[in-house]
């Protein structure tokens, strides 16, 4: 079954990623690798290279599996718009998660600000757009082509949330993963999700760098969102929710327009799956590799929490 193969590949990637997170920092320190390059090395070494090796060993067509197909200019412009108007939903879900979990992404961006804008763009926007999309909307999604688009998108988004190995990122990574799947299916090109991923991360980098460059030079340690006055928490979430509620329908509308621009591929995909229903029988999206992945995810979080508490 293709879905099980994809989920098994994802499980292997998660295992490698967890081992990389646990042990590679020690190797990097021994090799005197600058800390700001760690994430880039992990992205290419743990994600991109294994994905390409998998395709070569399995003798699958890299072009077909990854859908390395060109995109029209109008579609490119619409994808850029989607990346921009997805920001309110992403910000609301990310802020909501901060009620329960520490925002490590902000910490990482603050540490990288001194490197300069273009270096941050390369590490935080360009590298993940290439490496993460190759794995998630390339290899993993390729096993879901005989699955209903809604199930495929939800499952891929769910795995993308787990993929980040951090609970604070889960909700917005899940939502973005769903959007990215639709973009790839609509355009039949992984370049669509790569571009949107780059825009989303690039805007976050731009905001962080802008605050660092032009904001107050004497900034005290930021208070955790969950520790702020309850009135501040409620008002912040309320404003973000209203903005997200206004922009999310627009996001859906632009995605639908993108589908129309690309010949209505979603409807054609649905019809193709319906006509080949016998072939899709047994292609369950939830199978043992997913259950093992979930178990590993929570085990890793528990381990990190125990290590963190031990250092306090």
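Modelled spin-label separation between residue 102 and residue 307, with each label point placed 7 Å from Cα along the Cα-to-Cβ direction: 1.3 nm. Expressed as a fraction of 2.2 N^0.38 Å, the C-alpha radius of gyration for segment 168-255 is 1.38.
With respect to the chain, whose longest principal axis is taken over its alpha-carbon atoms, helix 190-214 is tilted by about 10°. In this structure, residue 28 and residue 226 have a Cβ-Cβ separation that, at R0 = 35 Å, corresponds to a calculated FRET efficiency of about 0.65. Taking 78, 29, 194 as the candidate residues, the one with maximal mean-square fluctuation in a Gaussian network model of the chain, Cα springs under 10 Å, is 29.
For segment 22-86, the share of alpha carbon pairs falling in successive 10 Å distance bins from zero is 16, 25, 28, 25, 5 percent.
Each 10 Å bin from zero up to the one holding the largest Cα-Cα distance in the chain carries the following percent of pairs: 6, 24, 35, 25, 9, 1, 0. Compared with the alpha-carbon gap, the fully stretched path from residue 270 to residue 15 is longer by 88.5 nm at 0.36 nm per residue.
Residues of segment 180-204 with an amide N closer than 20 Å to a point placed 7 Å from the Cα of residue 236 along the Cα-to-Cβ direction: 204. Mean-square fluctuations from a GNM of the chain, with a 10 angstrom spring cutoff on Cα atoms, peak among 12, 179, 200 at 12. Computed from Cα positions, the angle between helix 265-275 and the longest principal axis of the chain comes to roughly 50 degrees. Computed from Cα positions, the angle between helix 2-30 and the longest principal axis of the chain comes to roughly 30 degrees. Rg then Dmax, both in Å and based on the Cα atoms of segment 19-154: 17.7, 49. In this rough spin-label picture, where each label sits 7 Å from Cα along the Cβ direction, the residue 61-residue 41 distance is 3.7 nm. Among 79, 14, 294, the largest mean-square fluctuation in a Gaussian network model of the chain, built with springs joining Cα atoms closer than 10 Å, belongs to 294.
All of the numbers you see were taken from the coordinates with simple rules; none came from a lab. Bear in mind that the values here come from a model prediction, so they are computed numbers and not experimental data. Note: ideal-geometry Cβ built from the backbone for every residue, glycine included; neighbour counts use all protein chains shown.
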